[in-house]
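All remarks here apply to the structure that follows.
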Amino acid sequence: MKQLVRYLPAVHEIQKEHRFHELIKEFEITEQHLTKLVKEILEQYRNLLLQEKWTGPKPGNQDFIQFLFIELNEKLKNQFQYTLKQVINGTGTILHTNLGRARMSDRAIEHVVETAKSYSNLEYKLEEGERGSRHAHAEKLIKEITGAEAAMVVNNNAAAVYLILRELAHNKEVIVSRGELVEIGGSFRISSIMEESGANLVEVGTTNKTHLQDYERAINENTAMLMKVHTSNFKVIGFTKSVGTEELAQLGAAHENVLFYEDLGSGALYNYQKHGIGEEPVVSEVLAKGVDIVSFSGDKLLGGPQAGIIAGKKELIDRLKKNQLARVLRVDKLTIAALEGTLIDYLKGEESIKNIPVVRDLLTSKETLKERTESFKKSLLALRTKFEVHSEESVSQVGGGTMPDVELPTYVAVLRHQSMSAEQVTRKLRTEFTPAIITRIQKEEVIIDLRCMTEEEEQIVLQALSSL
Ligand SMILES: *Cc1c(COP(=O)(O)O)cnc(C)c1O
């Protein structure tokens with residue numbers, strides 16, 4: 001086998017092939033680019049031959065060149081594939097952190113595209129013809145929707161927490177209940193962020209019970225802030241007591257120089273409680289209770305882009321905007337565009353709000369999902385696939401560390417393949433289709449929840465299943 005090395009073609013011989021030039025045209029690449037790949041591939045073949053591990057056609061044979069070009073074609077296809085790929089979410093988990101949390105509304109998407117395509121007045125006042133501030137854009141909308149005096153937007157809510165503690169509580173004490181020292185997504189801990197920010201954490205109460213007097217007793221001349229953290233991703237049940245927003249706002253107000261900040265985590269702008277879903281407070285209601293400042297995520301229940309929204313007293317927001325960190329944590333114009341689009345949906349009211357996918361998917365009823373799943377099942381049967389399918393009642397999760405105790409009643413399609421295991425099927429759906437299709441496995445069966453899928457996506461999934 002080793003001797004075959006000398007039959008390997010020279011690079012210039014490959015370059016003479018018309019297929020070489022066809023690839024350059026097809027992939028819109030330069031000759032240098034392809035030449036480099038040819039060299040790499042020949043080097044790889046040489047090594048395999050020398051190690052006696054070569055399994056392809058013998059160099060020198062006619063098939064060999066054909067084989068080489070097929071591999072080149074594959075290599076090129078791979079090279080130009082995005083690693084960030086479209087995924088169809090068949091899990092039923094709406095804010096799936098691994099799948100990019102919220103998908104955005106059409107209005108948000110359109111505004112992102114137009115903003116990306118052209119120049120914009122990102123930091124320019126059109127009336128005055130003068131330099132402006134990027135903070136100006138989403139602020140008006142946030143104020144309008146939440147009733148806050150002022151607002152600003154940073155990279156994410158973790159950044160918002162950090163900026164607030166750094167500017168408003170540096171070298172001072174911040175009082176937090178032990179029941180609220182949360183860790184979110186493994187990489188965000190209130191206690192660590194606090195330490196990083198230079199604020200001194202003062203823990204009060206116990207894991208299950210904290211009383212107003214616990215906060216009251218901890219206040220001294222070094223206290224900068226009372227902080228309440230929304231326990232987004234867990235719930236303490238049983239013998240519990242926490243202090244409400246109203247009481248803490250009053251306590252803060254009674255002490256000069258003591259602020260009250262609430263990290264809302266998700267920050268709902270829509271009243272889900274009204275629909276019997278969860279107990280998430282609406283941001284405007286929280287602010288109306290007298291909180292000085294709040295922060296929340298843009299891509300959790302709000303259903304917009306990754307962002308951290310800070311809203312509250314103007315005097316405090318002004319200080320945050322002036323902090324050097326505001327520059328470090330600032331958002332780009334595409335985020336602002338997506339957020340503006342989403343916020344306009346909120347401002348327009350009920351009908352528009354339901355165009356926000358997160359809100360729409362959260363509100364989709366069990367009855368609707370039952371109908372959709374039945375019709376999905378029928379379509380699948382009509383396609384004469386290798387699957388057995390039935391529908392059954394189940395639950396979808398909100399996800400994203402939000403509303404941990406809420407189970408959304410749903411219907412799911414339950415599939416079993418004639419010859420492949422559920423593991424094999426889900427793997428194929430993930431890796432062999434574009435967009436990739438993510439499903440769940442339960443008791444050796446493939447579970448598909450249509451809650452987070454559009455009708456178009458349903459069709460793609462049906463096609464994919466019929467090809468297996
Ligand atoms: C999710 C969450 C955060 C972090 O928000 P990101 O936007 O993911 O950075 C902070 N605090 C609470 C209470 C949260 O739920």
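The values are calculated or read from the model by the stated rules, or taken from the named source; none is laboratory data. Since the model is a prediction, treat every value here as computed from it, not as a measurement. Every residue, glycine as well, gets a Cβ built from its backbone with ideal geometry; the counts of neighbours run over all protein chains shown. Keep in mind that these areas ignore ligands, DNA and RNA; they rest on the heavy atoms of the full protein, side chains included. Shrake-Rupley method; radii C 1.70, N 1.55, O 1.52, S 1.80 Å.
Side notes on the structure shown:
- Search result, residues across the range 206-232 that are surrounded by 16 or more Cβ atoms within 10 Å (Cβ to Cβ) and in contact with a Gly (Cβ under 6 Å, 6 or more places away or on another chain): 210, 214, 226, 230, 232
- In the range 308-323, the residues that are under 17 Å from residue 285 (Cβ atoms) reach residues that are within 16 Å of the ligand (Cβ to nearest atom) and part of a loop (DSSP other than H, G, I, E, B) with C-beta atoms within less than 7 angstrom, at least six apart or across chains, in these pairs: 309/267; 309/298; 312/291.
- The range 309-331, residues that are open to solvent by 10 Å² or more (accessible area, probe 1.4 Å) and away from the ligand (no atom under 16 Å from the Cβ): 313, 314, 315, 318, 319, 321, 322, 323, 324, 327
- Selection within the range 271-308 - open to solvent by 30 Å² or more (accessible area, probe 1.4 Å) and away from the ligand (no atom under 15 Å from the Cβ): 271, 273, 274, 275, 276, 284, 285, 288, 289, 290
- Selection status of residue 362, at pLDDT 95 or above, open to solvent by 10 Å² or more (accessible area, probe 1.4 Å) and either within 16 Å of the ligand (Cβ to nearest atom) or farther than 22 Å from residue 460 by Cβ (or both): no
- Helices (runs of 4 or more DSSP H) lying entirely in the range 1-89 (those with 1 or more residues that are over 30 Å from residue 449 (Cβ atoms) and under 41 Å from the mean Cα position of the chain (by Cα)): 18-27, 31-50, 62-79
For every residue, the table says whether it meets (1) buried (at least 20 other Cβ atoms within 10 Å of the Cβ); (2) out of contact with any Lys or Arg (no Cβ under 7 Å at 6 or more places or on another chain).
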{"residue": "396", "(1), (2)": "yes, no"}
{"residue": "401", "(1), (2)": "yes, yes"}
{"residue": "404", "(1), (2)": "no, no"}
{"residue": "413", "(1), (2)": "yes, no"}
{"residue": "421", "(1), (2)": "no, yes"}
{"residue": "424", "(1), (2)": "no, yes"}
{"residue": "433", "(1), (2)": "no, yes"}
{"residue": "436", "(1), (2)": "no, no"}
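- Counting the residues of the range 20-39 that are open to solvent by less than 80 Å² (accessible area, probe 1.4 Å), closer than 16 Å to residue 10 by Cα and not hydroxyl-bearing (Ser, Thr, Tyr) gives 4.
Yes or no, residue by residue, for (1) open to solvent by 60 Å² or more (accessible area, probe 1.4 Å); (2) closer than 30 Å to residue 30 by Cα:
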{"position": "81", "(1), (2)": "yes, yes"}
{"position": "96", "(1), (2)": "no, no"}
{"position": "108", "(1), (2)": "no, no"}
{"position": "125", "(1), (2)": "yes, no"}
{"position": "147", "(1), (2)": "yes, no"}
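- Lone qualifier among 187, 120, 133, 191 - being within 16 Å of the ligand (Cβ to nearest atom), among the hydroxyl-bearing types (Ser, Thr, Tyr) and surrounded by 13 or more Cβ atoms within 10 Å (Cβ to Cβ): 191
- Close pairs (7 angstrom Cβ cut-off, 6 or more residues apart or separate chains): under 27 Å from residue 365 (Cα atoms) in the range 273-302, away from the ligand (no atom under 16 Å from the Cβ) and part of a loop (DSSP other than H, G, I, E, B) anywhere: 282/271; 284/147
- Any hit, the range 365-383, residues being more than 15 Å from residue 449 (Cα to Cα) and either within 16 Å of the ligand (Cβ to nearest atom) or open to solvent by less than 30 Å² (accessible area, probe 1.4 Å) (or both): no
- Of the residues 87, 153, the single one that is in contact with a helix residue (DSSP H, G or I) (Cβ under 9 Å, 6 or more places away or on another chain) and farther than 27 Å from residue 457 by Cα is 153.
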